[in-house]
Amino acid sequence: MKQQLPATPATVRRRPQQSRARQTSLALQHAFVRLLPERGFEALTIREIVDVAGTGLGSFYEYFANKDDLARVSVHLRSKTLLAAMHGAVAAQAGQTMVQIVHTILHALADAHACHPLEWGAHYALERQVSDPDAYARMYERFVSEWASALARSSDALPPGAELDEAARTCHTIAYGLFAHAHIRAYAGAAPAPDVRTVARQAKLAMLGYLAQLKAP
């Protein structure tokens, strides 16, 4: 049997280097998100971000071209957090009724929003400011696709002739609109931190009323 050669020094070093790079990038993103509600996007400086992250200016520019670039990455990854929460809920509820699936998805989204409401408010406000329209549209379509998959997997799926994509788009628009608006209002100081369970309940009532009309004979 051919003896396996030991790992070369380059191979041994590669994984820690990648890990450190990821940790540095995430540290900068977390620092940015933590500072954003207090400082605001325009006033926040790269120096403040690297000081909180515990990195240097050189490290910042290894990963991000400027503050706008950091903002776009942070917005994208935070949106993926919600998408992952939704995906997990959909996978766990396949074959359940539409009511059960909608309930589970909305509670998963509420759980994802439960911590740091001002940071979520900053996220939604910043999303409108820095997102590239094409990137924003692509992410929106990923949520719509997740809703379409969830509705299609229900045990009481929509009747033939009902437009699944239209229903999925409406469901996402309801959920996104209610969660985003509640958090932006809190971020702007126009309302207290939202009760995410109340937001989920409002979205559920709106969605189920809409879906019931689609299923009505």
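Here Pro6 meets each of (1) outside any helix (DSSP H, G or I); (2) modelled with pLDDT of 90 or more; (3) not hydroxyl-bearing (Ser, Thr, Tyr) with one exception, condition (2). Figure legend. Inter-residue proximity from segment 189-217: first residues free of Cβ contacts under 8 Å to residues at least 60 places away in the same chain and over 14 Å from Gly177 (Cα atoms), second residues among the polar types (S, T, N, Q) and buried (at least 17 other Cβ atoms within 10 Å of the Cβ), beta-carbon distance below 7 Å, spacing 6+ or different chains. Indicated pairs: Tyr210/Thr170.
Whether any residue in segment 184-196 is farther than 15 Å from His123 by Cβ, part of a helix (DSSP H, G or I) and either modelled with pLDDT of 95 or more or in the same structural domain as Leu106 (by TED's automatic domain parsing) (or both) is what I want to check. Within segment 184-196, none of the residues are farther than 15 Å from His123 by Cβ, part of a helix (DSSP H, G or I) and either modelled with pLDDT of 95 or more or in the same structural domain as Leu106 (by TED's automatic domain parsing) (or both).
The set of residues in segment 16-45 being touching a Leu at 6+ places or on another chain (Cβ under 6 Å) and in a helix (DSSP H, G or I) consists of Phe32, Leu35, Pro37. When segment 180-207 is filtered for residues that are hydrophobic (A, V, I, L, M, F, W, C) and in contact with a helix residue (DSSP H, G or I) (Cβ under 6 Å, 6 or more places away or on another chain), the ones remaining, listed by number, are Ala180, Ala182, Ile184, Ala186, Ala191, Ala193, Val196, Val199, Ala200, Ala203, Ala206, Met207.
For Arg169, state whether it is touching a helix residue (DSSP H, G or I) at 6+ places or on another chain (Cβ under 6 Å) and among the basic types (Lys, Arg). So Arg169 fits the description; yes.
The values are calculated or read from the model by the stated rules, or taken from the named source; none is laboratory data. Note that the coordinates shown come from a computational prediction; the quantities given were computed from them, not determined experimentally. For neighbour counting, all protein chains shown are included, and Cβ atoms are generated from backbone atoms with ideal geometry for every residue, glycine included.
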